[in-house]
Amino acid sequence: MSAGTDGFVLTSSPHTTATDTVQRIMFAVVITLLPAVVMSVFYFGLRVLALYVIAIVASLLTESLCKLARGRSPWSIADGSAVVTAILLVMVLPPSISPVAVIVGSVVAIFLGKEVFGGIGANVFNPALVGRAFLSAAYPVQITTWSVPNRVFGFLPQGIDAQTQATPLAAARFEGIREELPNLVFGQIGGSIGETGALFILIGGVALLALKLIRWEMVVSLLGTVVALTGLFHLVDPGTYASPVFHLFSGGLMLGAFYMATDMVSTPYTRSGNLIFGFGAGLLVVVIRLFGGFPEGVMYAILLMNAVTPIINRYTDNRVFGAAPAGSKGATQ
């Protein structure tokens, strides 16, 4: 095909335009995270705010150095993706984590989680979870040391973490103690920094859905699978297995469903693929929470499903752009 004979000029992709840019999308994500971020500071103090700043600076610096090493402009950090990665990384870490560990996790998240694959749009795994997974191996004690949150809402009942310093999932799994629902909803619980109330994460997640920045298929299939499967086990043996409502509002499930599993790069781009990914991640979460050696499985579930995303995309998007549907009499143009 040439311009002289057919009247077309071939150019490199992308071939479509849109009003949304990476920078606008990342800015919107940061705004929707603010309710949970602000509450995390109220619950765990200004030290947490310092950790956010440290992670953002380390992530931006790492990405700039990677761009320079590849002969590209370091000012691409203005797209905001490194900032989102840094915030999400801090949110999945315990409040007592050391600044050095946060810096290491940020470097790993940006370098190994994104830049070694070619930068934004090319990474296979969610960068923030890559950093979290590395810290789990490098700092096993720090990553499982929890802090008692400040008592922000006086009307909430006394939490179990005030006595055991355990996360609700760990207390339920290993001690048979189940946190009361109001504490889970508002986040007055021990756990990762981002587990500062499912309510505040839910507010941000609904905003993302309203702005059409994430697909409801992923969120509904992941959360729905967890609720359905834990509900079945709870019906069989309510004394051993916690209720589906407890699992829904515990741990990092809300954060993972709205902000991790919906990553535009490392998860499927088809609607049916989102349903498959969400079901698979939800299934893995339940298996790990109920039968694994760890009380929480959201991180591992999403990373494992990230690995099979290319296969999901391959078998859920077989239509060739511009081709006539199978059985159609029309010819491909």
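The values are calculated or read from the model by the stated rules, or taken from the named source; none is laboratory data. The structure displayed is predicted, hence computed values, not measured ones. Quick reminder, even Gly has a Cβ in these numbers, built from the backbone with ideal geometry, and neighbours come from all protein chains shown.
Comparison of 113, 118, 80, 154 shows that the only residue that is without any contact (Cβ under 8 Å) to a residue 24 or more places away in the chain and more than 24 Å from residue 44 (Cα to Cα) is 118. Scanning the stretch 241-276 for residues that are free of Cβ contacts under 8 Å to residues at least 40 places away in the same chain and in a helix (DSSP H, G or I) yields a single hit, 244.
Every residue, every condition in (1) surrounded by 18 or more Cβ atoms within 10 Å (Cβ to Cβ); (2) touching an Asp or Glu at 6+ places or on another chain (Cβ under 8 Å); (3) closer than 21 Å to residue 78 by Cα, yes or no:
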site: 100; (1), (2), (3): no, no, no
site: 128; (1), (2), (3): yes, no, yes
site: 132; (1), (2), (3): yes, no, no
site: 145; (1), (2), (3): no, no, no
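When we screen 110, 31 for residues that are modelled with pLDDT of 95 or more, under 16 Å from the mean Cα position of the chain (by Cα) and farther than 30 Å from residue 188 by Cα, the only hit is 110.
Counting only residues that are of a type in the set (D, E, K, R) and assigned to a helix (DSSP H, G or I), which one in the stretch 37-75 is nearest to residue 195 (Cα to Cα)? The extreme case among them is 47. Between 82, 78, the distinction of being buried (at least 22 other Cβ atoms within 10 Å of the Cβ) and assigned to a helix (DSSP H, G or I) belongs to 82 only. Quick check: anything in the stretch 149-157 within 22 Å of residue 297 (Cβ to Cβ) and either surrounded by 14 or more Cβ atoms within 10 Å (Cβ to Cβ) or modelled with pLDDT of 80 or more (or both)? Scanning the stretch 149-157, I find no residue that is within 22 Å of residue 297 (Cβ to Cβ) and either surrounded by 14 or more Cβ atoms within 10 Å (Cβ to Cβ) or modelled with pLDDT of 80 or more (or both), so the answer is no.
Among helices (runs of 4 or more DSSP H) entirely within the stretch 118-229, having at least 3 residues that are in the same structural domain as residue 72 (by TED's automatic domain parsing) singles out 127-138. The residues in the stretch 221-258 that are of a type in the set (A, V, I, L, M) and over 24 Å from residue 87 (Cα atoms) can be counted, and the count is 9.
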